[in-house]
Amino acid sequence: MSEEAKRVAAWAAVDNHAKNNQVLGIGSGSTIVPVVHRLAERVKQENLNIVCIPTSFQARQLILQNGLSLSDLDRHPELDVAIDGADEVDSDLSLIKGGGGCLTQEKIVAGYAKCFVVVADYSAVSEHLALDVNGSRTRPKKNSKNLGDQWKKGIPIEVIPMAYVPVIRAVTRKFGGVAELRMAVRKAGPVVTDNGNFILDWKFDKVHKWNEVNTAIKMIPGVVETGLFINMADVVYFGMEDGSVSAREKLAL
């Protein structure tokens, strides 16, 4: 059911935002696989001219395997649209990303796109947001009122390897909670990102002002990037349990 939810949300995002003669950012993770499959179908069927910028090695391989045009930010420093997934979304469309360890490149690509589109399944929807986008018809598997209530693995922080211990101390002293070095599952030692860095997972113990926290953590020496994507998403497509798709757009200021 979760895979079908990802597929319908991915199709909605691609069909509504991918157009001819665009430069498209391609995110990472399981949600992006149906995005790339649908994009490849449309490129073939409609003879679209689309150039793709990857956010990870996985995204690069997906682009090549599906016969799409691969490029980079050197040749295309401004993107029309970036499409990516999210681990959790709150009612302000703030995101937690980085469960797959690609947060830095994902944030770079999203940050240089004119429009940032997020695809998620119902498990990423907070309780407040689920009721807002879809009435009472469908409830998410996991309920939360605040960012992080359902994503229990913490906020990812990418760090320079030599600095991971002092960064852990600085984050927990300033904001509380627990920060841990993410360890690999099928190899000995820590997870290493595509950039050659380590990932910390910060499990906070209270609700924060996330914009301020994001800025403060990034100012800590040794921190490369955080998995807090604040005020970046323009629209989020949620694939729901009943097979429908709900969209939530950023409120105009």
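What to note about this one:
- Exactly one residue out of LYS174, LYS250, LYS206 is over 22 Å from VAL159 (Cβ atoms), touching a helix residue (DSSP H, G or I) at 6+ places or on another chain (Cβ under 9 Å) and open to solvent by 70 Å² or more (accessible area, probe 1.4 Å): that is LYS206.
- Selected residue (criterion: surrounded by the fewest Cβ atoms within 10 Å (Cβ to Cβ)) from residues of the stretch 83-102 that are within 25 Å of ASP15 (Cβ to Cβ) and hydrophobic (A, V, I, L, M, F, W, C): LEU93
- Test: residue in the stretch 56-65 that is farther than 24 Å from GLY239 by Cα, without any contact (Cβ under 8 Å) to a residue 60 or more places away in the chain and among the charged types (D, E, K, R): yes
- Verdict on VAL125 being open to solvent by less than 60 Å² (accessible area, probe 1.4 Å), at pLDDT below 75 and closer than 16 Å to PHE238 by Cβ: yes
- Residue satisfying condition, being open to solvent by less than 30 Å² (accessible area, probe 1.4 Å), part of a strand (DSSP E or B) and over 27 Å from PRO54 (Cα atoms), within set ALA179, ALA163, ALA216: ALA179
- Filtering SER28, SER69, SER56 for residues that are modelled with pLDDT of 95 or more, over 25 Å from ASP149 (Cβ atoms) and within 17 Å of the chain's Cα centre (by Cα) leaves a single hit, SER56.
- Scanning the stretch 57-82 for residues that are in a helix (DSSP H, G or I) and either open to solvent by 40 Å² or more (accessible area, probe 1.4 Å) or β-branched (Val, Ile, Thr) (or both) yields PHE57, GLN58, ARG60, GLN61, ILE63, LEU64, GLN65.
The values are calculated or read from the model by the stated rules, or taken from the named source; none is laboratory data. The structure presented is a predicted model; accordingly, all values stated were derived computationally and were not measured. With ideal geometry, Cβ positions are generated from the backbone for all residues, glycine too; neighbour counts draw on all protein chains shown. Please note that ligands, DNA and RNA were not included when accessible areas were found on the heavy atoms of the full protein model with its side chains. Shrake-Rupley method; radii C 1.70, N 1.55, O 1.52, S 1.80 Å.
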